[in-house]
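K.L.:
One structure follows; several queries about it will come next.
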Amino acid sequence: MEPLIAVAIGILFAAAVYMMLRRSIVKLVIGLMLLSNAANLLIFATAGMVRGAPPLVPEGLSAPAGAVADPLPQALVLTAIVIAFGVLSFAVVLVRRAWEIVGADDLDKMRDTDT
Amino acid sequence: MQLAVLGGFVMACLAPLLHQWFGARTPRLMALLPAAIAAWLIGQWPTIAGGEVLLLEWAWVPGLDITLTFLIDGLAWLFALLITGIGALVLLYTGEYLRGHRDLPRFLVVITAFMMSMLGLVLADNLVTLFVFWELTSVTSYLLIGFHHTDPAARKAALQGLFVTVGGGLALLAGFVMLAGAGDSWSLYELVQRGEALRAHALYTPLLLCVLLGAFTKSAQFPFHFWLPNAMAAPTPVSAYLHSATMVKAGIYLLARLHPALGGTELWVISLSLVGAVTMATGAFLAIHHTNVKMLLAYSTVMALGTLTLLLGLGTPQALTAFVVFLLAHSLYKGALFMVAGILDHETGTKDVTAMGDLRRAMPRTAVVAGVAALSLAGLPPLLGFVGKEAMLASVLEASAWRPMILLLAFTAAFLTLAVAAIVALRPFFGAPRQTPKTPHEAPSAMLAGPALLAVLSLALGLAPGLLDPLVAATLAGIGAPAADVHLSLWHGLNLPLALSLASLALGLLTYRHWDRLRARLSRLAPLMARGPEAGYEALMAGMVAVAGWQTRLLQNGHIRNYLAMTLLVLVGLVGHALFFRHSLALDLTLDLYLHEAVVAGLMVAGAVAACVMRSRLAAVAALGTMGFSIALFFVLFSAPDLAITQLLVETLTVILLVLVLFRLPRFATLSTPLERLRDLAVAVLTGGLITLLMLAVLSGERLPRISEYMVANSQPLGHGHNIVNVILVDFRALDTLGEMFVLALAAVGVYAMLRFHARDDHARHRRAQRTAPTKESDDG
């Protein structure tokens, strides 16, 4: 599975970079979303992918019975997902305000801060 | 001694305050410090003359082995005495020259700071300390040349002097680092004892070249000589002090100091003799082009500095003796002459010697002082300059390498210098009286005291050069010459140097007689002169500005996405290079795969690609949603239920948010050309490819033990939770989660603020009205 997911993550990164290099601010936001998802997946997958062994302690035991997936990267990615949502909502609203005030969708036309 | 130098810096800072208290008497008061140091130095003379070396140590940065150690041997003693002695006289002179000047306190601050830096430079034993003082003299010199800061020419000259000397200073620093590495010590005292090892070291050539570059720029050697005459924009006390007696000799001092460590090799002899000889002749030749008395003197200083370098290069005991005598003689007569030049300027209002005449009637005492000093400059008996010049000619005659050429250059310099001396001493004081901007009258005695004392010293030491024997011997010990018996005398009998002197006297007087005609001829050479080294400096500066402008326009063009692309390409280049050339790319490509997993991954990729290519905003949002939910599924498949739940929630919220907001945003427009898209695609594919390779390389590598074992084992016993991820979030890493909540709250406040408080300026509404107007028109149409 690893080689396949590595290629998939590579494509996600490529898509994110391509969108972030666009001049349209809306596409920039889409690029940002792609990038955060790609980064989360990268951290998760690089830590090792384990099937059917979630990091849970069964009832009545003090430790998992067998080997389980590494919980630490999961905790990190969970935090990252939530933060990425915060960043995205802020970015989306910021872009909307910028569009309202500057009236340009083109990043090249946002050349000064005084409008 | 260290305290005296540091105290001098403190006094420099206090100068404005002193000036408030003591007014015009301040310079005289401040002259007491250098005078006291000079007196202390003279008190040390018996020790120095006994051949002892005083090492005054004071730990400065003990961790880096940098000490503020002062090394006082004959060489340092001579320089320190010149600096403090002439310094005291210059301060006295300044009191009159700049009497009542608005910026006198500022001048006193900088010149005192310079004096202490220069003193530190010649006394420093540690290379780093020496370098710090070296740069301090450059900076203070910059401030002094630019003293008349409202004058653009002065500012330009100051900057030029700074660039040339500090540029050389950079080379010098590199040279010092190599020197310390090669000699395994930062102490000059130790380095000069390791000459054999240093000269045999592999780094000898580069380190010598770096040190020479530093010394040559500082001491205005050809082709860096041009900054010194331009530095004459400074007030005359500065010219007398920095640009003839002290600072420009810093490079000479350094060469003399390092002579036992680095000198004597073929490279040393050839580079110093040639550069010195060419500088000598160039300085003397350029001098007679000018009618400005300060320029005449400045170029003759260039000539003198060249002579000193040449003598160091020749390096024979005879040449080194000549070096010491010439050094002393030059400091005495040139200091005096510059101060006389200042008097002339001050009393007549002009610096042009052709505009003066018959001043001996109005200023008899100045005329006498000028005459004595100029005789020494000309190298005529019975002055110290004569002793110096005879010794110089004698050592050139016994030179081994390039003798005819160096002799020719030396002889040219000698007779041209004689002409300069005649111009400076005869032209203003004799001949027909001329109308000068100010009515000339005798200078105040405080102004005359300095030059008079220096002139008297030139005369006295010239009459009895034997007095100098112990001093020359002590200094020679510092330069590392074999301690030969030194016997200076005025009269050596009829020999070849004397014949050369007579010939140069005749030629020099001839030059003086025909100076006006000669100058007219020489002015035809002006276009050629304009292509000198100074033009090279100008071109370099202009080129630097042009390159800076070009690369700023190229790199800092204001398009953030260009910065992004550049950053990514550099990342790909560097990481890719490390990956391919430093790391074996043995990838583990075993594909252990189930169909449903492949389908999920396929959906993910399809969603991402579709989000990029969709022309409609809704379709793009839908594609993003597909990708997000596939990722959630992926988390479910690979043992991460908590992530799956979070991803589902966030993805749902995101889609709602996008649908709500995105439709208030413009439609996608095609803003780029196909070529640009292709270029961006290339950057994107490169970045994506690099990530894939990196990830495969990481996964194929050796697995390190997990750091979460502790958390897995203690989640239930310590955290009382069965979901380990949750326990990590709220217990083991609870502070991180608190921080995360804070970030989210901040984002929420920001979002609320932007949505709630609409811009109430009419400008935005006006813009929107403009935007909608054409649409209406087309509707009507």
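K.L.:
Thinking of region A:26-115 as a set of Cα atoms, what percent of all their pairs are more than 20 Å apart?
P.N.:
Summing the P(r) of region A:26-115 above 20 Å gives 56 percent of all pairs.
K.L.:
How do B:580, B:216, B:732, B:163 rank by accessible surface area computed with a 1.4 Å probe, from largest to smallest? Provide the component values of the computation, followed by the final result.
P.N.:
On the way: B:580 115, B:216 20, B:732 55, B:163 90 Å².
Final ranking, largest accessible area leading: B:580, B:163, B:732, B:216.
K.L.:
Further question: With a 1.4 Å probe and every protein chain left in place, work out the accessible area per residue of chain B in Å², rounded to a whole number.
P.N.:
Heavy-atom accessible area per residue stands at 44 Å².
K.L.:
Taking only DSSP H segments of four or more residues, each worth -39500 (n - 2.57), what value at 222 nm results for the protein assembly as shown once the sum is divided by all its residues, to the nearest 500 deg cm²/dmol?
P.N.:
Mean residue ellipticity at 222 nm (helix-derived): -24000 deg cm²/dmol.
K.L.:
Between B:637, B:544, B:627, whose Cα lies farthest towards the positive end of the dipole of the protein assembly as shown when Lys and Arg beta carbons carry +1 and Asp and Glu beta carbons carry -1, centred on the Cα centre?
P.N.:
B:544
K.L.:
If you find the alpha carbon centre of region B:1-65 and of region B:356-383, how far apart are they in angstrom?
P.N.:
For region B:1-65 versus region B:356-383, the Cα centre distance is 33 Å.
K.L.:
Follow-up. Using the Cβ atoms and a cut-off under 10 Å, what net charge is assigned to the surroundings of residue B:446, where Lys and Arg are +1 and Asp and Glu are -1?
P.N.:
Taking every other residue near residue B:446 into account, the sum is +1.
K.L.:
Where does the charge balance sit around residue B:531 when Lys and Arg score +1, Asp and Glu -1, over other residues with C-beta under 15 Å from its C-beta?
P.N.:
Net charge around residue B:531: -1.
K.L.:
What number do you get for the protein assembly as shown when its Cα radius of gyration is normalised by 2.2 N^0.38 Å, N = residues?
P.N.:
The value comes to 1.36.
K.L.:
If Lys and Arg each add +1 and Asp and Glu each add -1, what is the summed charge of the other residues whose beta carbon sits under 15 Å from the beta carbon of residue B:74?
P.N.:
For residues surrounding residue B:74, the net value is -3.
K.L.:
Okay, moving on. So how far apart, in nm, are the two label points at residue B:577 and residue B:616 if each is 7 Å from Cα heading toward Cβ?
P.N.:
About 4.8 nm, to one decimal.
K.L.:
Another one. Taking each residue in B:206-212, count the Cβ atoms of any other chain within 10 Å of its Cβ, then average. What number comes out?
P.N.:
Per residue, the average neighbour count from other chains is 0.
K.L.:
Sort the following peptides by mean Cβ neighbour count (other Cβ atoms within 10 Å, averaged over residues), highest first: B:81-91, B:460-470.
P.N.:
B:81-91, B:460-470
K.L.:
Then there's this: What relative contact order, as a whole-number percentage, does chain A give when Cα pairs under 8 Å and 6 or more residues apart are counted?
P.N.:
Numbers: 97 pairs, mean separation 30.0, N = 115.
The value is 26 percent.
K.L.:
How high is the FRET efficiency from residue B:101 to residue B:545, r the C-beta distance, R0 30 Å, rounded to 0.05?
P.N.:
Efficiency for this residue pair is about 0.30.
K.L.:
Let me ask something else. In region B:1-263, how does Rg compare with the Kirkwood Rh, expressed as the Rg/Rh ratio over alpha carbon atoms?
P.N.:
My calculation of the ratio gives 0.98.
K.L.:
For chain B, what class follows from the C-alpha gyration tensor (a ≥ b ≥ c being the square roots of its eigenvalues): rounded when a/c is under 1.5, otherwise prolate if a/b is larger than b/c, else oblate?
P.N.:
prolate
K.L.:
Quick one: ranking B:612, B:13 by accessible area, 1.4 Å probe, largest first, what do you get?
P.N.:
Solvent-accessible surface, decreasing: B:13, B:612.
K.L.:
Follow-up question, since we're still on this one. On a C-alpha basis, how far is the centre of region B:247-324 from the centre of region B:549-574 in Å? Whole number, if you could?
P.N.:
So the two Cα centres are separated by 49 Å.
K.L.:
When Rg is the radius of gyration of the Cα atoms in region B:264-523 and Rh is its Kirkwood radius, what does Rg/Rh come to? Mind dumping the intermediate values first?
P.N.:
Working: Rg = 18.2 Å, Rh = 18.5 Å.
Expressed as Rg/Rh, it is 0.98.
K.L.:
Now, a different point. Starting from the Cα coordinates of region B:579-727, work out the convex hull volume and express it per residue in Å³.
P.N.:
With only Cα atoms used, region B:579-727 gives 170 Å³ per residue.
K.L.:
Using a 1.4 angstrom probe on heavy atoms only, work out the carbon and sulfur share of the accessible area of region B:377-485 in %.
P.N.:
71 percent
K.L.:
To continue, here is another question. Give me the accessible area buried between chains B and A, both sides summed, with a 1.4 Å probe, in Å² rounded to the nearest 100.
P.N.:
The buried area between B and A, both sides summed, comes to about 8700 Å².
K.L.:
Also: Rounded to two decimals, what is Rg over Rh for region B:603-669 when you use alpha-carbon atoms and the Kirkwood radius?
P.N.:
With Rg and the Kirkwood Rh in hand, the quotient comes to 1.04.
K.L.:
Hey, another quick one. Could you work out the relative contact order of region B:603-669, using alpha carbon pairs under 8 angstrom and six or more residues apart, expressed as a whole percent?
P.N.:
This gives 32 percent for region B:603-669.
K.L.:
Averaged per residue, what accessible area in Å² does chain A show with a 1.4 Å probe, protein chains only? Provide the component values of the computation, followed by the final result.
P.N.:
Details: 4030 Å² over 115 residues.
The answer is 35 Å² per residue.
K.L.:
Going down the list B:156/B:334; B:249/B:389; B:218/B:438, which pairs span over 27 Å between their C-alpha atoms?
P.N.:
B:218/B:438
The values are calculated or read from the model by the stated rules, or taken from the named source; none is laboratory data. None of the values given here were measured: they were computed from a predicted structure. Please note: Cβ atoms are built from the backbone with ideal geometry, for glycine as well, and neighbour counts cover all protein chains shown. Only protein heavy atoms, including side chains, enter the accessible area calculation; ligands, DNA and RNA are left aside. Shrake-Rupley method; radii C 1.70, N 1.55, O 1.52, S 1.80 Å.
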